[in-house]
Amino acid sequence: MTTLPRLLPLLAVLLFAAPARAEWHHREEAIMGTRVAVELWSEDAALARRAMDEVIDEMRRTDELMSTYKPQSQLSQVNAHAHERPVRVDAAIIEVVERALEMSKLSGGAFDITYASVGYLYDYRQHQRPNDEQIAAALPGVDYRQVQVDRAAGTIRFLREGVRIDLGGIAKGYAVDRSIERLRRLGIAHAMVNAGGDTRLLGDRRGKPWVVGVRDPRNEGRVVTRLPLEDEALSTSGDYERYFEEDGVRYHHILVPGTGRSARGVRSATVIGADATLTDALSTTVFVLGVERGLQLIARLPGVEAVVVDDEGRIFHSDGLTQPQ
Ligand code: ADP
Ligand code: MG
């Protein structure tokens with residue numbers, strides 16, 4: 001006798017039982033010149049959709065406010081006029097600029113959003129870079145102490161001409177943090193939000209940690225280590241994100257504020273910490289400081305860890321991390 005007649009009712013039960021729809025939801029979009037991804041758990045598909053919409057909205061809003069590629073963005077207005085008069089901006093810009101200035105003090109100027117005063121002369125897509133004279137002429141504009149924030153008035157002012165700021169080293173982390181906050185408010189308990197090199201995890205992956213790979217800076221499909229994480233942020237800065245090569249030299253997008261030239265000695269710096277605004281700014285900072293001074297800074301910061309790959313491919317990590325597997 002065949003078992004088919006007995007199997008059929010069972011199959012029907014399984015099919016009807018399936019749409020309980022408690023599951024992982026996923027979305028990806030290109031925003032802020034990078035790939036934005038959100039993954040979350042919700043038993044309510046409509047809520048999941050709304051939550052993912054809010055994350056995408058948050059990223060778009062940050063981009064509209066803070067992009068230096070959009071001439072009408074508030075940040076572009078700051079760069080155009082803040083040397084003449086205080087420029088009013090959204091509270092989000094005030095907050096990001098204040099956190100950036102704190103990071104400048106903490107890092108002795110290795111992290112400096114006024115790097116852009118010389119940074120704007122580079123065009124990595126067009127393989128363009130400034131010559132020595134152009135760098136020397138622009139360097140006086142690189143000094144975070146020339147940026148004045150008036151929190152009460154909601155304004156930003158530059159104390160001299162020739163200053164420009166760019167939030168590329170911190171704004172994505174900020175947008176990721178804001179997104180996680182929105183998800184939390186909607187009652188989401190397990191999520192991952194990622195914007196380019198910046199990731200934050202909300203909760204765990206339901207009973208197990210999230211596992212985030214740190215990519216091999218010279219081999220896209222491979223990782224140098226995998227880190228199990230919960231409720232934490234992780235950012236990587238790499239010399240492979242935006243660069244061009246000329247006579248065997250790699251000109252990339254992370255600049256030493258004091259020289260106006262690409263930082264040397266590191267291929268990638270990854271920082272793990274409580275929030276993504278911090279880890280984003282710190283990964284850029286550690287990249288600029290180099291292995292030794294970078295890890296010294298990390299050792300001073302409670303709850304913050306780092307993995308650095310140097311220009312020979314050697315892997316270094318902070319004391320709080322076990323040997324990367
Ligand atoms: P990404 O994820 O885009 O690679 P990173 O966190 O690695 O971002 O930061 C690189 C970006 O930081 C650059 O594209 C530039 O906008 C900005 N930046 C470069 N050098 C500095 C610096 N010394 N201080 C602050 N920001 C910088
Ligand atoms: Mg960064």
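The values are calculated or read from the model by the stated rules, or taken from the named source; none is laboratory data. Note that the structure is a prediction, hence the values are computed from the model and not measured. Cβ coordinates were reconstructed from backbone atoms using ideal geometry, including for glycine residues, and neighbour counts include every protein chain displayed. Each accessible area value is taken on the protein alone, full model and side chains, heavy atoms only, with ligands, DNA and RNA left out. Shrake-Rupley method; radii C 1.70, N 1.55, O 1.52, S 1.80 Å.
Return the residue satisfying two criteria in turn: it lies in region 286-309 and is of a type outside the set (A, V, I, L, M) and buried (at least 17 other Cβ atoms within 10 Å of the Cβ), and of such residues it is farthest from V96 (Cα to Cα). Quick ask: steps written out before the conclusion?
Pass one, region 286-309, residues of a type outside the set (A, V, I, L, M): 287, 290, 292-294, 296, 300, 302-303, 305.
Filter again for buried (at least 17 other Cβ atoms within 10 Å of the Cβ), leaving 287, 290, 294, 305.
Values: F287: 20, G290: 24, G294: 22, E305: 22 Å.
The residue in question is G290.
Quick check: is even one residue across region 135-146 among the aliphatic types (A, V, I, L, M), under 23 Å from the mean Cα position of the chain (by Cα) and within 16 Å of ligand 2 (Cβ to nearest atom)?
no
Just to be sure before I move on: is T68 under 22 Å from the mean Cα position of the chain (by Cα), closer than 16 Å to V163 by Cβ and either outside any helix (DSSP H, G or I) or polar (S, T, N, Q) (or both) in the structure I sent? Steps first, please.
Working: under 22 Å from the mean Cα position of the chain (by Cα): yes; closer than 16 Å to V163 by Cβ: yes; either outside any helix (DSSP H, G or I) or polar (S, T, N, Q) (or both): yes.
The answer is yes for T68.
Mind checking which residues of region 229-282 are in contact with a Ser or Thr (Cβ under 6 Å, 6 or more places away or on another chain) and among the hydroxyl-bearing types (S, T, Y)?
Matches in region 229-282: S235, T236, S237, Y251, S268, T270, T279.
In region 75-88, which residue that is under 17 Å from R151 (Cα atoms) and in contact with a Ser or Thr (Cβ under 7 Å, 6 or more places away or on another chain) is most open to solvent (accessible area, probe 1.4 Å)? Can you show your working first?
Here is the first cut: in region 75-88, the ones under 17 Å from R151 (Cα atoms) are 75, 78, 82, 85-88.
In the following step, the residues that additionally are in contact with a Ser or Thr (Cβ under 7 Å, 6 or more places away or on another chain) were identified as 75, 86-88.
Details: L75: 0, P86: 69, V87: 11, R88: 173 Å².
So the residue we want is R88.
Identify, from the list E58, E54, E29, E39, the residue that is open to solvent by less than 50 Å² (accessible area, probe 1.4 Å), part of a strand (DSSP E or B) and of a type in the set (D, E). Step through it out loud before you land on a result.
Numbers: E58 fails: part of a strand (DSSP E or B); E54 fails: part of a strand (DSSP E or B); E29 fails: open to solvent by less than 50 Å² (accessible area, probe 1.4 Å).
Residue meeting the stated conditions: E39.
With the structure loaded, tell me whether V163 is part of a loop (DSSP other than H, G, I, E, B), of a type in the set (A, V, I, L, M) and open to solvent by less than 30 Å² (accessible area, probe 1.4 Å) or whether it fails that test.
Details: part of a loop (DSSP other than H, G, I, E, B): yes; of a type in the set (A, V, I, L, M): yes; open to solvent by less than 30 Å² (accessible area, probe 1.4 Å): yes.
For V163, the condition - part of a loop (DSSP other than H, G, I, E, B), of a type in the set (A, V, I, L, M) and open to solvent by less than 30 Å² (accessible area, probe 1.4 Å) - is met.
Just one of L167, L186 is more than 19 Å from G273 (Cβ to Cβ) and in contact (Cβ under 8 Å) with a residue 12 or more places away in the chain; which is it?
After ruling out the rest, the residue left standing is L186.
Restricting the search to region 238-254, which residues are open to solvent by 10 Å² or more (accessible area, probe 1.4 Å), outside any loop (DSSP other than H, G, I, E, B) and touching a residue at least 24 places away in the same chain (Cβ under 8 Å)?
If the condition is that a residue be open to solvent by 10 Å² or more (accessible area, probe 1.4 Å), outside any loop (DSSP other than H, G, I, E, B) and touching a residue at least 24 places away in the same chain (Cβ under 8 Å), then Y243, E246, Y251 are the ones that fit.
Based on this model, can you work out whether A138 counts as among the small types (G, A, S) and touching a residue at least 60 places away in the same chain (Cβ under 8 Å)? Steps first, please.
Numbers: among the small types (G, A, S): yes; touching a residue at least 60 places away in the same chain (Cβ under 8 Å): yes.
When the stated conditions are applied, A138 passes them.
Kindly establish whether Y240 is out of contact with any Leu (no Cβ under 7 Å at 6 or more places or on another chain) and more than 15 Å from ligand 2 (Cβ to nearest atom). Please lay out each step first, then the result.
Values: out of contact with any Leu (no Cβ under 7 Å at 6 or more places or on another chain): yes; more than 15 Å from ligand 2 (Cβ to nearest atom): no.
Against the criterion (out of contact with any Leu (no Cβ under 7 Å at 6 or more places or on another chain) and more than 15 Å from ligand 2 (Cβ to nearest atom)), Y240 does not qualify.
Could we say that S283 is open to solvent by less than 20 Å² (accessible area, probe 1.4 Å) and outside any helix (DSSP H, G or I) here? Steps first, please.
Working: open to solvent by less than 20 Å² (accessible area, probe 1.4 Å): yes; outside any helix (DSSP H, G or I): no.
Answer is no for this residue.
Mind listing just one residue for me: the one in region 106-155 that is part of a loop (DSSP other than H, G, I, E, B) and small (G, A, S) and, of those, surrounded by the most Cβ atoms within 10 Å (Cβ to Cβ)?
To start, the set of residues in region 106-155 that are part of a loop (DSSP other than H, G, I, E, B) comprises 107-112, 120-122, 124-127, 129-131, 142-143, 151-154.
From what is left, the residues that are small (G, A, S) are 107-110, 152-154.
On the way: S107: 21, G108: 12, G109: 20, A110: 23, A152: 6, A153: 11, G154: 15.
Looking at residues that are part of a loop (DSSP other than H, G, I, E, B) and small (G, A, S), I get A110.
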